[in-house]
Every structure is written in C-alpha cells, then in structure tokens.
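Take a look at the structure set out below.
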Amino acid sequence: MELLKAYVNGPSAVPLLYKTIGEALDDTVARFGDREALVVRHQNIRWTWAELAERVDACAAAFIALGLCPGDRIGIWAPNCAEWTVTQFASARAGLILVNINPAYRLAELEYALNKVGCRALVTAASFKSSNYIDMLQTLLPEAAHFPPGALKAEKLPSLEVLIRLGDERTPGFLNFADLPGLGTDAARARIAELRGLLQPDDPINIQFTSGTTGLPKGATLTHHNILNNGHFVGRAMGFSEADRLCIPVPLYHCFGMVMGNLNCLTHGACMVYPNDAFDPLTVLETVEAERCTALFGVPTMFIAELAHPEFDRFDLSSLRTGCMAGAPCPIEVMRKVVDRMHMREVTIAYGMTETSPVSFQSGTDDPLEKRVSTVGRVHPHLEVKIVDQEGRVVPRGEKGELCTRGYSVMRGYWDDPEQTAAAVDEAGWMHTGDLAVIDPDGYCRIVGRIKDMVIRGGENIYPREI
C-alpha cells in the first residue's frame, strides 16, 4: 500500500480574483452601493458602500496632490477607527504601500519601522491608551513645527515628509485628516482615474511587521492579489454574503482585522462593524445586539472575556451565526459555550501567518466541534501545504514536521531584506513557517509547536506540548 504523504492542496471551482483592491471596491459599489459598508460605534459613523467609496476617492486624490506616487510607503499608526479603513482603501486606490504600525510601539520601534521601509507619509492618531503619539513624534521630529505641513525635512526620519493627524486639534507641521478631502485637485482626481487602468494585482500594497522570535521586526510585503484573495476565501469558508454584518473587535493593524475582516467584507459586500477603538467585552456584546451582527471575530481570550462578563445574560446574541477564532488554540469548553450561548453554530477556526496573507488552514462551518478544537481545519483553496523533516523531505501523514505553504498567498518577501527572505521562502516558492504540524489521513492539520522550541534529549526530539 502506498504511504500517504503529508502534502495537501486546495482544489476549488471558485477562481482566484485577479484585480486590485480599488477594482474590488468599484465592483462592490456597483452591486451593493446602497447597503451599509461601515459602522463605527465609538465614532457614531454609518456609511454605505457608495459613501465609503466617495471618501476613499477624496482621500486618494489628496495623497496624490500631496506628491505621493505609486510605490511610496505611507504609515498608519492608530487604533481601530473609520480613518484607518479609509486610509487602507485610499492608499490601495493611489498605488501606495500601506505600512501597518503597531499601536503599542514605543519611540525606538517607531523610528526603526519608519526608516526601514522609508515612509514618506504618516497618518497618526493623537494618542491611544497610555501613549501620546503626538508627543512621541514631536520628540522624534523636533523640526516638524518649523516646516509647513507636507514639507517636513527631519534628521532622524529623512524620508518622512507628510504628517497627518486624526482629531480636531491642530498641531504645527501636521495636516488634519479632516483637511484631506479639500486638498484633491482636478489633476489629482484625473490621476486617480488614470491609475485605475495602470495599477496591477501583483503590485505590493501592504507592509506588516512581524517580530519573529529573534532580532528586529521584518516587514512582510504583501500584494493586492495576496490579501484580497485571502480575505475573500476566509469569507467563503464562513458562507459570507452581502447579508452578513461582521463585528471586528480585533486590531486593524494586524491581518486578522484588515484582511480577514475588512477585505472579506469588501469582496462579499458585507458590513464591517467596529465596536470600539480597542477590545472591550461589554462594547462587543452591546454592538452584536444593537447591530444584529451575524458574525464575530476574536482570539480565544476575547471570547472567554465576553462569556465571563457579568452582564452577558442580558444581551440578545441570536443574530450571530458564524465567525472566526484564530491566534491560539481554543479549549473545547469555550468552543461549546460559543456555539451554545453565543449562537455561533458555524464558527470556524483559522491558522496562518502574516507572511501568508495570513490564512492557510480553516475549519468548515459543518466540521464536528472536536475537529474545530483539535485541528485548524483543512487547507484553503488554491494553496499547497507540505510537512517536512529536518532534511526538507516530505514526511508521511500523521508524522510531525515543519509546515511549509506555497501559492498565491505567499508574500513578495521581507522589505529590503533579501537574506531573511531567502531564509524564509525557498527556491521552489515554499514559505517555511517554523511551525511544527501534523496532517491526518483526512487532511486536517494540527499545530503542535515551534521548531525553535524543540529540545533534543538523548538524540530524541521533545516538544513543549509533550512536556
């Protein structure tokens, strides 16, 4: 009998989308223009797809009028808010590469990230939690106050020229986000229209920093094709349509929010719902009830916090149907409560990494609960996965090894880091994840640890999970 190899691929009758994020927005507006696209509870915002697209186009024209060109990098340093999403879609529309900056970054990390990718512009919140972003930027850029907005020349961040802040207050050297719609000239709007036919799906559009386990953060560079398709197929795995309303309490600066959340909704015409600028279990429960959300995202600890909230029982969550749990394994008791008490009978589990846009495996809405808890589901459409030993050979199904992914979702590379890119993506196009996994005879995958965590004792490999 032939030994079954630990190799799987995702055959699909549904073709990959070969379009830019701007083209996807145009398509969704044409089909669902009058439907709600974005609800931001803490900002009291409620826009249809047509209204969102109007704001996106005005913002994109402003970026062009400020002198930004396709391929330039624009950073965003803010918690979840409407401006984040407008910037995400507008930068794609203008061909700019959006650089996601972790809201928790301190000064040294911010300086490193902006310089690493050579950001020409930065959209920033005024503050978040205990961080005062404006103070931090003024410390880093004491020259800002002496240059007109949009013409910064700074010693520590030589590529940075344009600072755009959120909120109503004025800061010397900064433009306000609310000023942007008035900046777009006729020439800039004409250029945006021209770019519709020039930008390509394989153009890089997003840089996300991954800390990895050692060294400085690396900038995973992703294309329209990478992230638009991944968002689309995450939604398909949950049975998404324009009737869905997705509650997104996970951060937008991470793939979970901006790809699995925003781009999933974009490709299906569903509504993006942000309960707050940061996670708070009570506002999530209030939002699901008030907005009749059909889907909810979170890591297991978020669901645990929602279920444990003292006021949980007073909320009507019966509108919920599905959602996605990712980021960590979910205990079965929690999964049962999510299904029974939160009505999420079709909740799915997903696994992936930033470098693969992010999702490679996802459970089905009809998989048995045990499978949804003990595995990360089966391989996503149009992707290949193999499990290899230390010599790089494919192991038999049921054996442990390193999980490698190949296909449309694999990043272009780490920004300006050919060495790290070559160490992560081999010559055959396989992304080496560093995760240890097992694929069972039915194609379900279990993640069992990290290669770097492995201990060799007496010639035997021992993994933390086993200890």
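The values are calculated or read from the model by the stated rules, or taken from the named source; none is laboratory data. Model, not experiment: these values are computed from the prediction. Backbone-built Cβ (ideal geometry, glycine too); neighbour counts: all protein chains shown. We work out accessible area using only protein heavy atoms, side chains counted, and drop any ligands, DNA or RNA first. Shrake-Rupley method; radii C 1.70, N 1.55, O 1.52, S 1.80 Å.
Summary of computed values
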quantity: Residue count, the stretch 320-353 (criterion: assigned to a strand (DSSP E or B) and either farther than 17 Å from Asp366 by Cα or open to solvent by less than 30 Å² (accessible area, probe 1.4 Å) (or both)); calculated: 11
quantity: Single condition Phe256 does not satisfy, out of (1) in contact with a Phe, Trp or Tyr (Cβ under 6 Å, 6 or more places away or on another chain); (2) in a helix (DSSP H, G or I); calculated: (1)
quantity: Candidates Met344, Met302, Met258, filtered to the one that is in contact with a Leu (Cβ under 8 Å, 6 or more places away or on another chain), of a type in the set (A, V, I, L, M) and over 29 Å from Trp430 (Cβ atoms); calculated: Met344
quantity: Test for Glu109: is it among the acidic types (Asp, Glu), more than 28 Å from Pro249 (Cβ to Cβ) and either out of contact with any Ser or Thr (no Cβ under 6 Å at 6 or more places or on another chain) or open to solvent by 10 Å² or more (accessible area, probe 1.4 Å) (or both); calculated: no
quantity: Meets criteria (in a strand (DSSP E or B) and buried (at least 22 other Cβ atoms within 10 Å of the Cβ)) for Ile207; calculated: yes
quantity: Odd one out for Val250, checked against (1) in contact with a helix residue (DSSP H, G or I) (Cβ under 6 Å, 6 or more places away or on another chain); (2) more than 29 Å from Trp77 (Cβ to Cβ); (3) of a type outside the set (Phe, Trp, Tyr); (4) in a loop (DSSP other than H, G, I, E, B); calculated: (2)
quantity: Search result, residues across the stretch 239-262 that are under 15 Å from the mean Cα position of the chain (by Cα) and among the polar types (S, T, N, Q); calculated: Asn262
quantity: Pick from the stretch 183-204, criterion charged (D, E, K, R) and in a helix (DSSP H, G or I), ranking: surrounded by the most Cβ atoms within 10 Å (Cβ to Cβ); calculated: Arg191
quantity: For Arg446: the one exception among (1) buried (at least 16 other Cβ atoms within 10 Å of the Cβ); (2) over 18 Å from Asn9 (Cα atoms); (3) more than 22 Å from the chain's Cα centre (by Cα); calculated: (2)
quantity: Members of the stretch 61-106 found to be of a type in the set (Asp, Glu) and open to solvent by 30 Å² or more (accessible area, probe 1.4 Å), listed by number; calculated: Glu83
quantity: Test set (1) out of contact with any Leu (no Cβ under 7 Å at 6 or more places or on another chain); (2) free of Cβ contacts under 8 Å to residues at least 40 places away in the same chain - Gly184 fails condition number; calculated: (2)
quantity: Check on Val288, among the aliphatic types (A, V, I, L, M) and more than 30 Å from Leu25 (Cβ to Cβ); calculated: no
quantity: Search result, residues across the stretch 42-57 that are surrounded by 19 or more Cβ atoms within 10 Å (Cβ to Cβ) and part of a helix (DSSP H, G or I); calculated: Trp49, Leu52, Ala53, Arg55, Val56, Asp57
quantity: Hey, Gln420 surrounded by fewer than 17 Cβ atoms within 10 Å (Cβ to Cβ) and under 28 Å from Lys218 (Cα atoms) or not; calculated: no
quantity: Sole residue being part of a loop (DSSP other than H, G, I, E, B), open to solvent by less than 80 Å² (accessible area, probe 1.4 Å) and not hydroxyl-bearing (Ser, Thr, Tyr), chosen from Leu137, Leu180, Leu163, Leu157; calculated: Leu157
quantity: Filtered residue count, the stretch 29-41, keeping only those that are outside any loop (DSSP other than H, G, I, E, B) and open to solvent by 10 Å² or more (accessible area, probe 1.4 Å); calculated: 6
quantity: Tally of residues being in contact with a strand residue (DSSP E or B) (Cβ under 6 Å, 6 or more places away or on another chain) and of a type in the set (Asp, Glu) across the stretch 373-407; calculated: 3
quantity: Enumeration of residues in the stretch 354-369 that are surrounded by 24 or more Cβ atoms within 10 Å (Cβ to Cβ) and closer than 22 Å to Gln208 by Cα; calculated: Glu355, Thr356, Ser357, Pro358, Val359, Ser360, Phe361, Gln362
quantity: Subset of the stretch 383-399 (residues that are surrounded by fewer than 18 Cβ atoms within 10 Å (Cβ to Cβ) and in a loop (DSSP other than H, G, I, E, B)); calculated: Asp389, Gln390, Glu391, Gly392, Arg393, Gly398, Glu399
quantity: Tally, over the stretch 114-134, of residues that are out of contact with any Phe, Trp or Tyr (no Cβ under 7 Å at 6 or more places or on another chain), of a type outside the set (S, T, N, Q) and in a loop (DSSP other than H, G, I, E, B); calculated: 2
quantity: Verdict on Val284 being crowded, with 19+ Cβ neighbours inside 10 Å and of a type in the set (A, V, I, L, M, F, W, C); calculated: yes
quantity: Answer residue from the stretch 250-281, given it is over 22 Å from Val29 (Cβ atoms) and in contact with an Asp or Glu (Cβ under 8 Å, 6 or more places away or on another chain) and is surrounded by the fewest Cβ atoms within 10 Å (Cβ to Cβ) among those; calculated: Pro281
quantity: Inter-residue pairs, beta-carbon under 7 Å, first at positive phi and in the stretch 366-384, second small (Gly, Ala, Ser) and open to solvent by less than 30 Å² (accessible area, probe 1.4 Å), 6+ apart; calculated: Gly377/Ser363; Gly377/Gly364; His382/Gly10
